[in-house]
Amino acid sequence: MSFAESLTFKQLSRRPARTAALILLAMLLSLSIMGGTLIVSGLKSGLTSLESRLGADIMVVPYEVRTKTNLNDLILQGNSGYYYVDRQYLSKLYDGSIAGIDQISEQYYFATASSGCCSAALQLIAFDPETDFTIKPWINVSYKKELQDCEIVVGSQINAFPGDTLIFYGVECRVAARMDKTGTYLDTSVYTSPATIEKLIENAQTKQLAAYTGNTSPATHASCVLINVADGYTVEEVLNDINIHVKKVVAIQSKSLIANVADGLTNVSGIISALVIVVWILSLIILVIAFTMMINERKKEFAIVRVIGASENMLTRMVMKEALAVSAVGSLTGSVLGLVIVSMFSGLIEEHLSLPFLLPSVFGLAGLFLTAFLASTAAGALAASYAALRISRIDPALILREDH
Amino acid sequence: MILKAESISKDFIRKRGESNVFHAVSTTDFTLQEGALTIMRGASGSGKSTLLNMLAGLLSPSTGKVTLDGTDLYALEDAARSRLRNTHFGIMPQGQTVLHSFNVMENVLLPYTIYGEPVSQRETHLALSLLDRLGIADLKNIMPSELSGGELRRVCIARALIRDPQILLADEPTGDLDEENTEIILRLFQACAKDGKSVLMVTHEKDIDSYADHLYQMKNGVLLS
């Protein structure tokens, strides 16, 4: 251990309270950076995931779902959709009356009950594997085969795994795959084929189990029609065409749904970012004061070292080493704490902010961790640099004379 | 080695007062004799410590230059001047100047460890013999907080001598010592001078003139021989 390292270690261990206070400051700094950026990043990832999962330019839903509250409930909260439109009204979407439709696929939402007939109260989404372009790509991520009869794919928050069996209205459904986490209602949904849903409805009716379908089935009704617009057409053109010519439904631009969420996210991100900056600046100021006070208290010690033959640069290095040691320990602790706290309370954050939340990937987390660690360590070093500069310019003769 | 001051002076700027410039040391020429104990006596505030600090390379003069064997100390970069101070000067500042985080032995060896130089048996033996000569060898592992003022002063002397420097500069080294300890230190300085070192001691004490090979008087910033 060199003299500088030895002096650093001895000084830090000799004054445990002061060292602990400095470490705590650095920890708070990195905790705020890590926590803040992780929350903002999680919300942005959630929004991106939501955009990907919607996967369509236009959503056509029954007219009664037209209010934004209902739509947000449907898309973000995962409230079971009891909305159906007779497929006869949708015929214009298929017969060429509406120009500019490139891809089109229907979904049928069906809620299970929490009574003894079902493993849990969940939202089931039936999709047509032939036409689907929003669900299937995600299922293929974890399941390569076509879904068989009574096979289901579960969202990431459902406590069931491939090979498990869930019972809905007395029908045993085998879990074929799990979806990746999206941070949206899709995490708590179950996906299956229309045939399986038909079977569940039929069984519920046969056994006289309470299942609200409003006398509908995937064969005759739909909860939602997803449309991708063909090249050469604008989303607005197709959307207006549908709203004018197709009865009992309302066409909504998917982006307009996301826009609400994005607005909320922008507000929350702005507040969090501002808080992180305020905490960063405050911590920096406090650290500058703390380091300056510490150096002032020890200026005689530095003057002695200077008399013995230390150069100005050596004094600067000694102060910086001490600051870096303290900052690195505090930053590491704060970054770990930030990661643990946000990970533990991610569900609560999602619920409280009513925004989709998705933790970044391992690489993303590693990047954020490194950023928080380096930013707060750098802040510690920056705060100490002023004190280091001052101490390197001391007049040892004058300081020792003052002391005497 | 010849330590020489050529026409040096030192002025300080005062923040308050009628005259804002304080002449601490008037223009002075001075040569520290080799192989001799030079004592510079004067009252508090007479400028003797300021002169010593300028000679030590710690305080740049307002005018003139300080040379060591013809090398202008203040023309050197700080790193080079600091290294020169470390290797060629033994400096005992005024007051207690030990590092309280290190024990006696570690304090004595600081001139080596500060530059990360390995401390071998030779240096340790040298440190022990110096401590023995100063009567504090049994305190080598003791922390400074447990030492008396006289013992602390002797630790500083051992530290100043550990590199066997050619120039020894001591500022009030016997200021708070009893007669017996004062005698021990002055004899040690005389021995150093006999070994060929250039020893300068500044003091306000009057009854130690008999130890000096050369005696100077400092009065109101003016050096009188």
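Candidates A:ILE286, A:ILE304, A:ILE271, A:ILE277: the one that is within 30 Å of A:MET320 (Cβ to Cβ) and surrounded by fewer than 14 Cβ atoms within 10 Å (Cβ to Cβ) is A:ILE277.
The lone criterion from (1) farther than 21 Å from A:ARG306 by Cα; (2) among the hydrophobic types (A, V, I, L, M, F, W, C); (3) within 11 Å of another protein chain (Cβ to nearest Cβ) left unmet by B:LEU99 is number (1). Of the helices (runs of 4 or more DSSP H) lying entirely inside the stretch B:54-146, those carrying at least 3 residues that are open to solvent by 30 Å² or more (accessible area, probe 1.4 Å) are B:78-88, B:121-133. In this entry, B:ASP176 is excluded by the filter for residues that are closer than 22 Å to B:MET1 by Cα, surrounded by fewer than 19 Cβ atoms within 10 Å (Cβ to Cβ) and not aromatic (Phe, Trp, Tyr).
Does at least one position in the stretch B:116-131 carry a residue that is at the interface with another protein chain (Cβ under 10 Å from one of its Cβ atoms) and free of Cβ contacts under 8 Å to residues at least 40 places away in the same chain? Looking for residues that are at the interface with another protein chain (Cβ under 10 Å from one of its Cβ atoms) and free of Cβ contacts under 8 Å to residues at least 40 places away in the same chain, one finds at least one in the stretch B:116-131, hence yes. Taken over the stretch A:329-348, the criterion of being surrounded by 18 or more Cβ atoms within 10 Å (Cβ to Cβ) and modelled with pLDDT under 85 is satisfied by A:SER346 alone.
When the criteria are applied in full, A:ALA310 meets the requirement of being modelled with pLDDT of 90 or more, within 14 Å of chain B (Cβ to nearest Cβ) and assigned to a loop (DSSP other than H, G, I, E, B). Residues of the stretch B:179-213 that are of a type in the set (D, E, K, R) and either open to solvent by less than 10 Å² (accessible area, probe 1.4 Å) or closer than 25 Å to B:ILE114 by Cα (or both): B:LYS197 alone.
Among the candidates B:THR27, B:THR50, B:THR31, B:THR38, single out the residue that is facing chain A (nearest Cβ under 8 Å), touching a residue at least 12 places away in the same chain (Cβ under 8 Å), closer than 30 Å to B:SER210 by Cα and not in a loop (DSSP other than H, G, I, E, B). The conditions single out B:THR50. Just for the stretch A:162-203: of the residues that are without any contact (Cβ under 8 Å) to a residue 60 or more places away in the chain and part of a loop (DSSP other than H, G, I, E, B), which one is nearest to A:ALA121 (Cα to Cα)? Residue satisfying both the conditions and the ranking: A:TYR169. Does B:THR38 count as exposed (fewer than 15 other Cβ atoms within 10 Å of the Cβ), in contact with a strand residue (DSSP E or B) (Cβ under 6 Å, 6 or more places away or on another chain) and within 23 Å of B:GLY70 (Cβ to Cβ)? Criteria not met by B:THR38.
The values are calculated or read from the model by the stated rules, or taken from the named source; none is laboratory data. Please read all numbers here as calculations on a predicted model, not as lab measurements. Here the Cβ is made from the backbone with ideal geometry for all residues, glycine too, and neighbour counts use every protein chain on show. For the accessible areas, the whole protein counts, side chains as well, though only heavy atoms, and no ligand, DNA or RNA atoms are used. Shrake-Rupley method; radii C 1.70, N 1.55, O 1.52, S 1.80 Å.
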